[in-house]
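Enquirer: Let me give you the structure first, and then I'll get to my questions.
Taken together, the values in this text are just the output of simple stated rules run on the coordinates, not laboratory data. Bear in mind the structure is a predicted one, so any value in this text is a computation, not a measurement. Note: ideal-geometry Cβ built from the backbone for every residue, glycine included; neighbour counts use all protein chains shown.
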Amino acid sequence: MIQTYLDTAVEAAREAGQILVAEYSRPVSISYKGEVDLVTQADKRSEESIVTRLHSRFPKHAIIAEEGGGADTDSRWRWYVDPLDGTTNFAHGYPCFAVSIGLEEEGELIVGVIYQPISGELFTAAKGRGGYLNNKRIEVSRVPRLGTGLLATGFPSKKRAAHSQNINFYWEYTLRSHGVRRDGSAALDLAAVACGRFDGFWEFGLNSWDTAAGVLLVREAGGMVTTWSGEPYRVDHRETVASNSLIHDEMLQVATQVPERISSGSQ
């Protein structure tokens, strides 16, 4: 049955990706959910397409979708849908965005799909079966230490002040790694960790639809995803630390030093 779930998620992601590509070539219709948190017509059309397909195939499953188009129930199966991860990039014409679809069964992630419709890259994972990019097996990097690792992070588009401490984490990791990138799509950042492009990733304030598919990808590719305390990551957590597992302890250790730096006032 897991293959049916995976195949359906791939079909839904590809269909939604076609919608995004079509919308990408048109003038963007934007509205705001907050001061800076925007949503486009593309988000809404993509989500409607995904939710319709999932609901038609699995009518009793719960669907948690970013724009509210799903239906949360007490089903043992729960889909997490981000119809356009990287909306700000999309709205500004920066081609770094993706469709992200994850499935959880009784609290355990079992299927993940991330589709970048501009590049055509399709990342897929099913529990116990490994991670794949366009049907080729992927693995996390083997970079052994943080000092030679390339990291990624993100900053929230809403409630910025609540997560302003991340600029301090950014500073520390920039000093202690080979570099830090910020591309504006948590799903693609996690996929990049899974296929070895990035060696680690962290972010605060992410939602379940941002991370569900990517977390499974990282795990199936041999990586690790936890909270700052080292607890295995769950989709209801709001802090995410992912890595190739080899540099994970170093990443967590650096994080323990950030509060000291903030309290001392050093720059």
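Enquirer: Let me check I've understood the local charge: for residue 14, count other residues with C-beta under 14 angstrom from its C-beta, Lys and Arg +1, Asp and Glu -1. What total comes out?
Expert: Details: positive: 53; negative: 7, 11, 15, 121.
Summing Lys and Arg as +1 and Asp and Glu as -1 gives -3.
Enquirer: Stick to Cα atoms and the Kirkwood definition of Rh, then tell me Rg/Rh for the chain.
Expert: Rounded to two decimals, Rg over Rh is 0.96.
Enquirer: Taking 8 Å as the Cα distance limit and 6 or more residues as the minimum spacing, I'd like the relative contact order of the range 1-146 as a percentage. Display every interim value, and only then the final one.
Expert: Working: 268 pairs, mean separation 29.9, N = 146.
Relative contact order here is 20 percent.
Enquirer: Just need the relative contact order of the chain here, percent rounded to a whole number, with Cα pairs under 8 Å and 6+ apart. Please report the intermediate quantities before stating the final value.
Expert: Numbers: 602 pairs, mean separation 43.7, N = 267.
Rounded, it is 16 percent for the chain.
Enquirer: Helix 2-24 against the longest principal axis of the chain: what's the angle in degrees, Cα atoms only, rounded to the nearest 10?
Expert: Approximately 90 degrees, to the nearest ten.
Enquirer: Kindly state, to the nearest 0.05, the FRET efficiency for residue 57 paired with residue 26, given R0 = 35 Å and r defined as their beta-carbon distance. Spell out each step's value before the answer.
Expert: Numbers: r = 29 Å, r/R0 = 0.84.
The computed FRET efficiency comes out at 0.75.
Enquirer: Highest GNM mean-square fluctuation, the chain, Cα pairs closer than 10 Å: which of 21, 113, 235?
Expert: 21
Enquirer: Further question: Pairs of alpha-carbon atoms within less than 8 angstrom and 6+ residues apart define the contacts here; what relative contact order does the range 107-161 have, in percent?
Expert: Values: 46 pairs, mean separation 10.3, N = 55.
Relative contact order, the range 107-161: 19 percent.
Enquirer: Where is the GNM fluctuation largest for the chain (alpha-carbon springs, 10 angstrom cutoff): 245, 49, 25?
Expert: Of 245, 49, 25, the Gaussian network model singles out 25 as fluctuating most.
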